[in-house]
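Nothing in this text is a laboratory measurement; each read-out follows from the coordinates by a stated rule. Nothing here was measured: the structure is a model prediction, and the numbers come from that model. In this analysis, Cβ positions are derived from the backbone assuming ideal geometry, glycine residues included, and neighbour counts consider all displayed protein chains.
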Amino acid sequence: MWYVPIPPWAIHHLFSKIPMTTDLADQSKKAQSPIVIPVAVFCLFNAAQYAIYVDLQILGPDRHLFHHSQLGPDFYQFVAFHIVYFLMLTSYARIILTRPGSIPDSHVWIYNERDNAQAKFSLSANELELMQKIMEPDFFPYTEPLRQRIRRLPFVELKNSATSSNSIRVCRKCDPARYKPDRAHHCTKSNSCVLAMDHYCTFAGSTIGFVNRKFFILFIMYSFASGCLFVSSLSWRLSSAVEHLFDGQFSIGRDFPIILSCASVICICACLALFFSFHIYIMVNAMTTIEFREKRGSSDPDVRRKSLISRIKFNRGYLGNFTEVFGTAWYFWLLPIQSDFGGSDGLYCDIMYRQGTRTDSSKIDYPTANLSL
């Protein structure tokens, strides 16, 4: 159902710095600051806008919504607004309460100076050779057989190194240090590596990553939809306030709040429309915000080349890229409910299959990635 249990780490992260004994609490202590301020700003703005909406629709002297004995289109618009508004607030809460996904604590991903990466990740000689090729500035997989080999590689985002087995990225900012899966980045705000990190959302005070990216996109969509319904529902009152502005009957207490409120919501909706379009575009094209800005948009041709090679591995087609975020259950696509990630685990490196403990790589369960709330 809609009940979302609040884990202890979330309460700690939101409101306090009280010491806790769990490992998650130890990680939370390293966060730079609590997220109370941006969340409070968001809540205050929404409370003010909602108060204006309710006052004009129900409590105001005009009582426009229930002015007629029969319920008309305005009533159904009022109901639609509250449904969309509820979904928006629920998506926002799930952004905050859902961890974005982190590198697992298993020994496979913990880095040690004495590690033999080739043995640890079961890398074959052919894979090592291809990983070495990827680091060469003139290499690009133009043929389909070569692209198929790229898609099966455990790592394609590599650091420059003398040997391919030592080219696997390592995050030394994490404690303990960890090998970094493809698309993982270290977030300085949460002080942890995030799987398929997209960006840090200031107004939610949370990092957007592999696990909570769906909730972020739904939040943008429902924010835009609720804003449009807000303005549409109050259009009759807005037109009246504008008329008063020109006929000399303008009232600061009566007309100014509605003009200011609708104008601010219209501006926000215009920005949200562009923002939503951008995130849909990069999602269906197998990119994150970081990959789009720092890699594809880089002035370094070698960085752009490596970005294109990485997309060969990650790109599953428009529908496949969409279901990796929203899941394969279409009836949950528009609901802020955790998806099945389209059979992916955010690591893009099937360790269990490579080590021979699972025989079918197409059947992905989730024992290797930290995807819990």
Highest mean first, what order results for 94-106, 283-295 on Cβ atoms within 10 Å? 94-106, 283-295
Taking placed amide H atoms and a strict 5 Å upper bound, the residues 5 or more places from Cys193 or on another chain that come that close are Ile103, Cys187
How large is ³J(HN,Hα), in whole Hz, for each residue of the range 271-277 in order, when computed from phi with the Karplus curve 6.51 cos²θ - 1.76 cosθ + 1.60 and θ = phi - 60°, using x for Gly and Pro? 5, 5, 4, 5, 5, 5, 4
Amide H contacts under 5 Å for Arg178, placed H, 5+ residues apart: Tyr111, Cys171
Label Phe246 and Arg296 with points 7 Å out from Cα along Cα→Cβ: what is the distance between them in nm? 4.4 nm
Rank these for me by crowding, Ile259, Ile58, going from fewest to most other beta carbons within 10 Å. Ile58, Ile259
Mean-position separation - Cα centroids, the range 168-247 and the range 97-159, in angstrom: 30 Å
Full-stretch length increase - Phe203, Ser239 - with 0.36 nm per residue and alpha-carbon distance subtracted: 9.8 nm
Mind giving me the FRET efficiency for Lys173 and Leu308? R0 is 35 Å, r the Cβ-Cβ distance, nearest 0.05 is fine. 0.80
FRET efficiency, 1/(1 + (r/R0)^6) with R0 22 Å, evaluated for Ser106 and Lys159 via beta carbons: 0.50
What is the order of Leu56, Leu260, fewest Cβ neighbours within 10 Å to most? Leu260, Leu56
Packing-ranked peptide list from 217-223, 264-270, highest mean Cβ count within 10 angstrom first, is 217-223, 264-270
